[in-house]
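Undergrad: Input: one structure, supplied below.
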Amino acid sequence: MPKLGINIDHIATIREARHTVEPDPVWAASICELAGCHSIVIHLRQDRRHINDRDLEILRKTVRTRLNLEMSILSEIVSIACKVRPDQATLVPEKRAELTTEGGLDVCRYKGKVATALRRLKRRGILVSLFVDPNQKQIAASKDLNIDSVEIHTGLYANAKNEIKRRSELDRIREAVQQATELGLRVNAGHGLTYQNVRDVALISSVEELNIGHSIISRSVLVGLDRAVREMLTLIS
Ligand code: PXP
């Protein structure tokens with residue numbers, strides 16, 4: 001059974017809708033952990049549209065599972081990560097106008113910049129993962145950088161409009177997982193996963209962790225966060 005990492009950015013999104021203090025992502029993280037999740041994921045974006053520096057600092061002290069910080073390779077953000085030292089940093093591409101991370105990191109194109117960020121983070125003892133598309137070249141380039149793990153982008157699978165497309169995207173994910181595993185990388189997966197589509201990805205052996213945000217936080221608005229987390233844990237097991 002893969003582990004479950006919960007992205008709690010949307011809790012902070014609700015807070016920022018009113019620039020107030022509630023709901024507090026620190027409380028949400030504790031509820032997720034008490035319900036049995038295996039890690040807490042947050043994305044400190046350059047524009048601080050949801051998670052902010054205060055959240056990161058407090059969560060570093062309070063998270064009892066593992067804190068996985070999604071972040072861009074920008075030097076300023078790398079400096080913050082090096083100071084706060086999350087258990088893991090997941091390097092993602094970041095565009096100001098996007099609603100959410102749109103695609104995997106282009107490791108082939110930005111190899112030098114990724115290598116610099118990687119070196120700085122590793123020096124501080126932080127595990128580093130690269131969020132990549134299920135693409136042979138990107139995975140090979142990640143391996144060349146001597147990375148700890150990759151997170152395979154499941155967005156195209158999640159957004160597939162018909163069964164043929166869904167199956168072909170699932171095959172791409174399976175092939176990417178196999179390639180990465182054979183290269184000795186640890187493999188996680190995430191983006192766009194829901195209570196409806198998670199099963200087939202959870203069944204891919206050697207995927208160690210699924211990182212899920214939107215669907216769990218959305219359900220939690222209606223059924224409560226504890227129940228939403230437990231229902232997802234049941235599904236992926
Ligand atoms: N993994 C990565 C690298 C992400 O950027 C995100 C979105 O922040 C997720 C997983 C979770 O995606 P979703 O919110 O669609 O479940």
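Undergrad: Along the Cα→Cβ direction, 7 angstrom out, place labels at residue 46 and residue 80. What is the inter-label distance in nm?
TA: Inter-label distance under the simple model: 1.2 nm.
Undergrad: Multiplying the sequence separation of residue 61 and residue 195 by 0.36 nm and subtracting their Cα-Cα distance, what value in nm do you get? Present the calculation step by step, with values, prior to reporting the outcome.
TA: Details: separation 134, 0.36 × 134 = 48.24 nm, distance 3.05 nm.
Extra length available between residue 61 and residue 195 comes to 45.2 nm.
Undergrad: Something else: For residue 61, give me every one of the aspartates and glutamates with a C-alpha distance below 20 angstrom, ignoring sequence neighbours fewer than eight places off in its own chain.
TA: Reachable aspartates and glutamates: 9, 22, 24, 33, 53, 70, 87.
Undergrad: Once amide H atoms are built 1.01 Å from N in the peptide plane, which residues 5 or more positions from residue 207, or in another chain, come under 5 Å H to H?
TA: Residues meeting the amide H criterion: none.
Undergrad: What lysines sit close enough to residue 165 to cross-link, taking a C-alpha to C-alpha distance under 22 Å and skipping anything fewer than 8 places away on the same chain?
TA: Excluding near neighbours in sequence, the set is 137.
Undergrad: With springs only between Cα atoms under 10 Å, which of 16, 94, 76 fluctuates most in a Gaussian network model of the chain?
TA: Comparing 16, 94, 76 in a Gaussian network model of the chain, the most mobile one is 76.
Undergrad: I'm a student and want to see the number: the projected area of the Cα convex hull of the chain, averaged over all directions, in nm².
TA: Values: hull surface 47.7 nm².
Projected area, direction-averaged: 11.9 nm².
Bear in mind that the values in this text are calculations on the coordinates, not laboratory data. Computed from a prediction, not measured in an experiment: that's the story for all the values here. Neighbour counts are summed over all protein chains in view; Cβ atoms, including those assigned to glycine, are modelled from backbone coordinates with ideal geometry.
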